[in-house]
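The structure appears below as structure tokens.
Coordinate-derived values only; no laboratory data. Please read all numbers here as calculations on a predicted model, not as lab measurements. Neighbour counts are summed over all protein chains in view; Cβ atoms, including those assigned to glycine, are modelled from backbone coordinates with ideal geometry.
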Amino acid sequence: MRTTDNFPWREFIEKLLAAWQLCDYSDVPEAFKPIKQIPPFVIEGILNEPIPQQLKVLAALRMQGYFAPLANPGK
């Protein structure tokens, strides 16, 4: 996350968590629809972390196969 990044990450992650808890992915962007169940400790603890750490958690989840790989926009 850059210091000039104005994306509302906190609100976005809060909405992701609500959708993940309800298993209602209708409003979740394809890139964040879980392929497998997000661990409860992530859902319970992610909002206690600062935004940069929350983004690292999302990246780690993707690397561990919880989300589909992102398409490479350069190809």
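Numbers at a glance
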quantity	calculated
Matching residues, segment 48-72, being under 18 Å from Asp5 (Cβ atoms) and outside any helix (DSSP H, G or I)	Glu49, Pro50, Leu70
All positions within segment 52-65 that are of a type outside the set (Lys, Arg) and under 9 Å from the mean Cα position of the chain (by Cα)	Gln54, Leu55, Val57, Leu58, Ala59, Leu61
Some residue of segment 29-51 being within 18 Å of Arg10 (Cβ to Cβ), in contact (Cβ under 8 Å) with a residue 40 or more places away in the chain and under 12 Å from the mean Cα position of the chain (by Cα)	yes
Subset tally (residues that are closer than 20 Å to Pro69 by Cα and not in a loop (DSSP other than H, G, I, E, B)) for segment 20-47	5
Failed item in (1) among the aromatic types (Phe, Trp, Tyr); (2) without any contact (Cβ under 8 Å) to a residue 12 or more places away in the chain; (3) part of a helix (DSSP H, G or I), with Phe7 passing the rest	(3)
